[in-house]
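Report on one structure; see the data block that follows.
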Amino acid sequence: MDNTVGSLTQFQRSVIIGCVLGDGYLRFFPGRKNALLEINHSAKAKDYVDWKYFVLKDVAGSPPKIRKGNGKRVAYRFYTKELPELTVLLYEFYRNGKKIIPDNLVLDPIILAVWFMDDGSRCGSSSFYLNTQQYSLEDQKKIIEKLKEIGLEARLNRDKSYWRIRFLSSFVDRLRELIADKIIPSMKYKIELNPVETWSERT
C-alpha cells in the first residue's frame, strides 16, 4: 500500500472506486471545499465495514459507528476525510446528483472485487449478477463493455421492471480467477460454495 496517488495509495483508490460503483456515496458537506466518501451498510455487514475502514483508516475520520434509522434498519457507517481526489471522482461519477459510469473508467480486479462484495449476488453455482439497477440502461451497456476489457462477458438481465447485469456462465471461472482471492472471508459466500470465517477472525 505504498504506491501513492496523491494522498491515496493505488490500492485505496481502487477500493474507493469499487465502493463508488457499489454502495458508497461521494458528497460535499455544506460549505466544504472537497468531497468525502460515506460508507454505509447494514450492521449485519459489520465485518465488511471494518475491513473498509482498515483499508482507508489513514484517510478516514472517526471509526465506524452504529446508527439506527427511522425504521428497523440499523446501519454501520463511517466517513473519509475531505480530499481533492474524491472531489475529482465525484465530478466523474455523478451527473445531476445521480451516479453514472464515466467513459474513462478502467476496471481492475480490486475495483471489481469491492463492487461485487457491495452489489454482487449469485443463484446456484453458475448464475452470478451485478445488481446495477441504480444505473441507466445506457450506463449498464457501458459496464458490459468495460467488463469485456478485463476478459469478462455479461448480458443485461431483466429484474422485474429493472435491469441488472448477469455474467455468462462460461465466464464464471474467469470472474473467480480475477476476484476470489480479493474477497474478504465473510463475503466468500457470494463467490464460493463454502464460506469461511470472518475477516476480523483472521486478523
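Read the figures in this text as sums done on the coordinates, not as results from a lab. Note that the structure is predicted; figures quoted are calculated from it, not measured. No Cβ is skipped: glycine too gets one built from the backbone with ideal geometry, and neighbour counts run over all protein chains shown.
For GluC sites (Glu not before Pro), the sites in the range 133-178 that DSSP calls loop and that have at most 16 other Cβ atoms within 10 Å are Glu149, Glu153.
With a simple spin-label model that places each label point 7 Å from the Cα along the Cα-to-Cβ direction, the separation between Glu192 and Arg155 comes to 3.0 nm. In this Cβ point-charge picture (+1 for Lys and Arg, -1 for Asp and Glu), the range 50-153 has a dipole of about 760 debye about its Cα centre.
Relative contact order of the range 4-99: what whole-number percent is it, with Cα pairs under 8 angstrom and at least 6 residues apart?
Here the relative contact order equals 29 percent.
Among the trypsin sites (Lys or Arg not before Pro) in the range 136-192, those located in a DSSP loop and surrounded by at most 11 other Cβ atoms within 10 Å of their own Cβ are Lys160. A DSSP coil position with no more than 13 other Cβ atoms inside 10 Å describes the following trypsin sites (Lys or Arg not before Pro) in the range 34-87: Lys72, Arg73.
For Ser126, neighbours were defined as the other residues whose beta-carbon sits under 12 Å from its Cβ, and their charges (Lys and Arg +1, Asp and Glu -1) total +2. Using only the C-alpha atoms, the convex hull of the range 1-119 corresponds to 118 Å³ per residue.
Here the sum of -39500 (n - 2.57) over DSSP H runs of 4 or more residues, divided by the residues of the chain, equals -9500 deg cm²/dmol at 222 nm, to the nearest 500.
Based on the Kirkwood approach, the hydrodynamic radius assigned to the chain is 17.6 Å, with every pair of different Cα atoms included.
In this simple spin-label approximation, Arg95 and Cys123 carry label points 7 Å from Cα along the Cα→Cβ vector, and these lie 3.1 nm apart. The count of lysine pairs in the range 64-191 with alpha-carbon distances below 17 Å, taking only pairs 8 or more places apart or on different chains, stands at 7. Working from label points 7 Å from Cα in the Cα-to-Cβ sense, the Gln133 to Asn70 distance is 2.1 nm.
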